[in-house]
Amino acid sequence: MHYEVELSLNTDAAVFDGSVTINLTYAAAKDLATRLEETFSLSLNAKNLIIHSASLTQLSEPIKYIPAAEISLNAEIELVTLLFPFRITSESAIAVRITFTGILNASMAGFYKSTYTDRDGMQKTLFVTQCCPTDCRQIFPCFDEPAHKATFDFSLVVNENMTVLANTSVTSTLYYSLPMLAIDKKVKKVTFARTPPMSTYLVAFAVGELEFIEAVASPLKPDGVIPIKVRRKGNVSQGRFALNVAVKSLEYLSEYFNEAFPLPKSDFLAVPDFAFGAMENWGLITYRNDALLCDEASATSQAKKMIASTVCHELSHMWFGNLVTMEWWNDIWLNEGFATFVGWQITDFLFPEWNVWTDFITGSFSGALQLDGLKSSHPIEVPVKSAAEIGQIFDAISYLKGASVIRMLNDFLGTQVFMDGVRSYLQEFKYKNAVTADLWKHLSLSSGVNVSKLMNNWTKKTGFPLITVDAEYYNSDNQTMTIDLSQSRFISSGNNTFGDNYDNETVWWVPLAIVSHLTRKIGPTKHVLNGKTGSVTFPYSNASAKDSFWKLNFESSGVYRVAYQQQQLDDVCKILKSQSELFSVADRIMFLNDTMALVTAGKLKISVILDMILALEHETDYHVLNQIATTLSSIRSMAYRESEELVQSGLKRLGLKVFAPKLDGFEYPPNEEYFDKLRRGLVISICSSCNDRAVISELKSRFVKVISGENSNALDPELRTIAFGSVLANVTGPEEARTVVDAILKWYTDIAQVQEKTRVLSILGSVDSEKEVDWILNELVFDLAIVRSQDFSVPLLGVAAVGKWREKLFQWFFEHWVQLMNKFEGNGRMLGGIFDACVSSCLGEDVIRKVYNWVEGDGMDQDLLKRHKKALAEFTFSREQSFETVRNKTALTKLFEGPLVPRIGYGAMGLSQSYEIADRAESLAVLQRIADEYVAFIDTANVYGNGYNEELIGEWLA
């Protein structure tokens, strides 16, 4: 199949006129046609296009285009059907020619306009495309499915002063004038080289005033020279860091895949308005500004890491996704899961000091398990029946679980064997389409293992296993340990919300990497559990020694959680307290992560996770501390309706117990180590959020110096938005709140780096002022001069992070639902994100009833109900997942009604601050109550005289 596409843009009227000629072989025509006998009928995808004419010719005969007898457009299913009053008389190729008019829209899909302000304060417009997943049909009529690969010839007619980009290089430019009403309009026709065979979702154009910087990639094997350009208007030098990453990444990938980069050039384009993070258009990769641009000298460590990993991810698609493409969207994970895995692999190669695989565990891996623990999750290979469903599967399952499963398989097979299989897969299917089974076939050939048999349940079934340790047996004669294991599907709600009506029959093939005190320096022993139950034996000695241990799932190489016996967890806590370095950083993280997940599933008491945090109070590694902070934040979030005095204050004190001793100043020394920077910022942030008044005061002082201009360097870039959030959360009245918000917004507009802008929007909701929160919800989010449509949900997430604003945000969503539907019509991705931001952080039976009634459309008239149901269908997956999260947390708080308040309230804050002590007998009774609630420690306060509480505890213990 081959397309010849010509578009003529009228940017003033925001429309374009176009023509497309599609050459089809007889076999393709026969396959695509509705009828081939008395009449010939052909259906193509088209959306928001006005079709002017359609005609057809058989290429085996003298070229004579015959007009279509009928052109019918079905907007509901986005199809245009062409009926020709004759039949195809010979088995020859045909050509279909269609003329049409389209819209340069503002919806960040199809061919759309993105506005920005240049360095002179003038508003400019960039016209750019986003075809993935199903919006090429908004640019020209086409067979808009990934299996219909074709070559393309593109020509665009634009104003002569505009730069034009497409997938391939420019082959010619013709300048001429168009007669207008009063003057001739000077334009140019830019023609591009023919593309390789590719899917329509990869088609890309950009038209605007653009500058560029350039570098050249020179892969060693296979050899070749590929120019890479980063393009934008103004401050294009901020693309230098991404450009340098791109050069090294492209060289790495060419050698990894042993296949040359398939195109003669690669453009990277920064787009101010962009619905995704980035898009892997072949030869013209588009990015949000903050995913491509930064001032390398002052950008934060996290900003540079995000840019590097995004660039590596998108470039890996040039082979895995573009060169070989999934046959249908149910295999989108082949694109996204693999690109995520390889993207991290390249980032680790380029920046080993970042230790990104540990980041992968705390971010991607944990995110995958969190979503896939829901009953409303979906398989990696998910059935897709309609265009409305396609956008919904670009989620953590396709990206993050997909990457985690590939990482697990890579670890099991070995890197070289895995790479050999991938290389042969690419060679067989390059410029073609493939399915998951094709990749398994080639990995089986390279490894000698039946990979399909091992992996089918991982990709075709929902969920992942919980591996439960049922028993352990130490054999001192043989110096071995044997453990009995069982597997079941892990459900984050346990059995608390839906009973037992879910699939628990799946048996996963589970690779087990077991590390012990004997093997921690030489690597784990490897085993497999491939039944519902099984036993594993491995070398072991000195089982009674205080530093002896064994642990499943070393470095989280397997996609599963582990449930240990209580005694084992107690022993783990003892080692974490005295010799935590015996466990790797990744393993310490997953002890916390798995334990918290089992607590929320109702399988462990909350005291277990709090005890584990206490055992790690002397931890110094950034990643582990970050996991502790995340865990405490999760508990605080769940308990946002509980007593401030007992629960929230108690958790803050526990946070300070862990983090306050690690506070080491507010200055960032020159050339400070990467993780030292991150740890410094994390500690300051947690101390501020836990109400450390000295930290809050220091951050405010530095904030004032920066905003007033007294000392612009008083806040290091790593610390700036932390300080902004702290000052907002601690304003002392409406006047100060308005002053602080105005100052931060001025800084946001005039000074902020691209990445910091998003972060600033996310912390505005921290402000301790109901008036300002109302302003955020009712004015700021709708002000396109400040909040771009792509970032609409960012301030909402900031509001949701503050417990006392959640009910207001929840009500705001329902009050503004019609307005939101109007603003984001047809954009289920955005509507789903907004719903999640406003609803998923809430809990309570009243919340559940309100959401249920809203879904049903209570109180809506028939017209509104129809629109409502259509909008809901566009984010079914994310809506059900958010709603399940609300139900889970609501059920969980019921489970914790007994132990939650006493365990935190009496355990993590001063004992004598949590109640009034009338006499000694009452004090002893309260101590007994605390013991009954499984309290592991008591933070006594010296209020009634030195040693008073300790004396009471001694009497009670006796």
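The values are calculated or read from the model by the stated rules, or taken from the named source; none is laboratory data. In this text the structure is predicted, and so the values were computed from the model without any measurement. Neighbour counts are summed over all protein chains in view; Cβ atoms, including those assigned to glycine, are modelled from backbone coordinates with ideal geometry. Ligands, DNA and RNA are stripped out before the accessible areas are found, and what is left, the full protein with its side chains, is counted by its heavy atoms. Shrake-Rupley method; radii C 1.70, N 1.55, O 1.52, S 1.80 Å.
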For Thr117, the residues 5 or more places away or on another chain with a placed amide H closer than 5 Å to its own amide H are Lys124
Which one, Phe659, Leu957, Thr286, is farthest towards the positive end of the dipole of the chain when Lys and Arg carry +1 and Asp and Glu -1 on their Cβ?
Thr286
Check: the range 411-489 dipole with +1 on Lys, Arg Cβ and -1 on Asp, Glu Cβ, in debye:
680 debye
Under 5 Å between amide hydrogens, which residues at least 5 positions from Lys233 or on another chain qualify, with H placed 1.01 Å from N in the peptide plane?
Glu211
Mind ranking 101-108, 248-255, 731-738 by how tightly packed they are, going by the mean number of other C-beta atoms within 10 angstrom, highest first?
248-255, 101-108, 731-738
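Over 32 Å between C-alpha atoms is what I'm after, so list which of Lys551/Lys757; Lys808/Lys870; Lys30/Lys64; Lys305/Lys869; Lys605/Lys771; Lys657/Lys850 land there. Provide the component values of the computation, followed by the final result.
Working: Lys551/Lys757 42 Å; Lys808/Lys870 26 Å; Lys30/Lys64 20 Å; Lys305/Lys869 40 Å; Lys605/Lys771 39 Å; Lys657/Lys850 39 Å.
With Cα atoms farther than 32 Å apart: Lys551/Lys757; Lys305/Lys869; Lys605/Lys771; Lys657/Lys850.
Over all pairs of distinct alpha carbons, what does the Kirkwood formula give as the hydrodynamic radius of the range 416-455, in Å?
Numbers: mean 1/r = 0.1004 Å⁻¹.
Its Kirkwood hydrodynamic radius stands at 10.0 Å.
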Could you tell me whether the range 397-528 comes out rounded, prolate or oblate from its Cα gyration tensor? Rule is a ≥ b ≥ c as square roots of the eigenvalues, rounded for a/c under 1.5, then prolate if a/b exceeds b/c, otherwise oblate.
oblate
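Determine the dipole magnitude for the range 460-590: charges of +1 sit on the beta-carbon of Lys and Arg, -1 on that of Asp and Glu, nothing else is charged, the reference point is the Cα centre, and the result goes in debye to the nearest 20. Could you put the intermediate results ahead of the total?
On the way: 13 positive and 13 negative charges, 78 e Å.
Dipole magnitude for the range 460-590 comes out near 380 debye.
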May I have the count of lysine pairs in the range 404-493 with C-alpha atoms under 19 Å apart, counting pairs 8 or more residues apart or located on different chains?
5
Contour minus Cα-Cα span, Asp774 to Tyr668, at 0.36 nm per residue, comes to 34.5 nm
Set Lys and Arg Cβ to +1 and Asp and Glu Cβ to -1, take the dipole of the chain about its Cα centre, and tell me which of Asn105, Leu797, Ser72 lies farthest positive.
Ser72
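Dipole of the chain, Cα-centred, from +1 at each Lys and Arg C-beta and -1 at each Asp and Glu C-beta, to the nearest 20 debye? Before the final figure, lay out the partial values.
Numbers: 89 positive and 114 negative charges, 270 e Å.
Using only the charged Cβ atoms, the result is roughly 1300 debye.
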Which whole-number percentage describes the relative contact order of the chain, with Cα contacts under 8 Å and a sequence gap of 6 or more?
7 percent
Can you work out the Karplus-derived ³J(HN,Hα) for every residue in the range 384-397? Use 6.51 cos²θ - 1.76 cosθ + 1.60 with θ = phi - 60°, whole Hz, and x for glycine or proline.
10, 9, 8, 4, 5, 7, 4, x, 6, 9, 7, 9, 5, 6
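DSSP loop (so not H, G, I, E, B), at most 15 other Cβ within 10 Å: list which trypsin sites (Lys or Arg not before Pro) in the range 769-829 pass both filters. Provide the component values of the computation, followed by the final result.
Numbers: sites: Lys771, Arg788, Lys804, Arg806, Lys808, Lys823, Arg829; in loops: Arg788.
For trypsin sites (Lys or Arg not before Pro) across the range 769-829 that sit outside H, G, I, E and B with at most 15 neighbouring Cβ atoms in 10 Å, the list is empty.
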Counting only residues 5 or more places away or on other chains, whose amide H sits under 5 Å from the amide H of Lys185 once H atoms are built in the peptide plane?
Leu178, Met180
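What does the C-alpha gyration tensor say about the overall shape of the range 419-490? Classify as rounded when a/c is under 1.5, otherwise prolate if a/b is larger than b/c, or oblate. Write out the running numbers ahead of the final one.
On the way: a/c = 5.34, a/b = 2.11, b/c = 2.53.
Here the range 419-490 falls in the oblate category.
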Accessible area in square angstrom per residue, the chain, 1.4 angstrom probe:
39 Å²
Using R₀ = 51 Å, calculate the FRET efficiency as 1/(1 + (r/R₀)^6) where r is the Cβ-Cβ separation of Ser712 and Glu815; round to 0.05.
0.80
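Tell me, what % of the accessible area of the chain is carbon and sulfur with a 1.4 angstrom probe? Can you show the working numbers first?
Values: 18650 of 37730 Å².
Solvent-exposed carbon and sulfur of the chain make up 49 percent of the total.
I need the chymotrypsin sites (Phe, Trp or Tyr not before Pro) found in the range 395-444, filtered to DSSP loop residues with at most 14 other beta carbons within 10 Å of theirs.
Working: sites: Tyr399, Phe412, Phe418, Tyr425, Phe429, Tyr431, Trp440; in loops: Tyr431.
Counting only loop positions with at most 14 other Cβ atoms within 10 Å, the chymotrypsin sites (Phe, Trp or Tyr not before Pro) in the range 395-444 are Tyr431.
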Of Leu625, Gln648, Phe429, farthest towards positive along the dipole that unit charges on Lys, Arg, Asp, Glu beta carbons give the chain:
Phe429
Using the Karplus curve 6.51 cos²θ - 1.76 cosθ + 1.60 with θ = phi - 60°, what ³J(HN,Hα) values do you get for each residue of the range 507-512, in whole Hz, with x for Gly and Pro?
10, 8, 6, 10, x, 10
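Using alpha-carbon pairs under 8 Å, 6+ residues apart, how would you state the relative contact order of the range 240-288 in percent? The partial results should precede the final answer.
Details: 43 pairs, mean separation 14.0, N = 49.
After rounding, I find 28 percent.
Take peptides 283-290, 13-20 and line them up by average Cβ neighbours within 10 Å, highest first, as a rough protection proxy.
On the way: 283-290: 24.6, 13-20: 17.8.
With the highest mean Cβ count within 10 Å placed first, the list reads 283-290, 13-20.
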Per the beta carbon screen (other Cys under 4.7 Å), unpartnered cysteines of the chain come out as Cys132, Cys142, Cys294, Cys312, Cys573, Cys687, Cys690, Cys838, Cys842
Which ³J(HN,Hα) values in Hz, rounded to whole numbers, follow from the phi angles of the range 282-288 under the Karplus curve 6.51 cos²θ - 1.76 cosθ + 1.60, where θ = phi - 60° and Gly and Pro get x?
5, x, 9, 7, 9, 9, 4
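I need the fraction of alpha carbon pairs in the chain separated by more than 54 Å, rounded to a whole percent. Numbers along the way, then the final one.
Values: 83706 of 458403 pairs.
It works out to 18 percent of all Cα pairs.
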For the pairs Lys149/Lys866; Lys532/Lys574; Lys189/Lys229; Lys47/Lys113, flag any whose C-alpha to C-alpha distance is greater than 26 Å.
Lys149/Lys866; Lys532/Lys574
Where both residues lie in the range 137-296, what percent of DSSP beta bridges are antiparallel, nearest 5?
75 percent
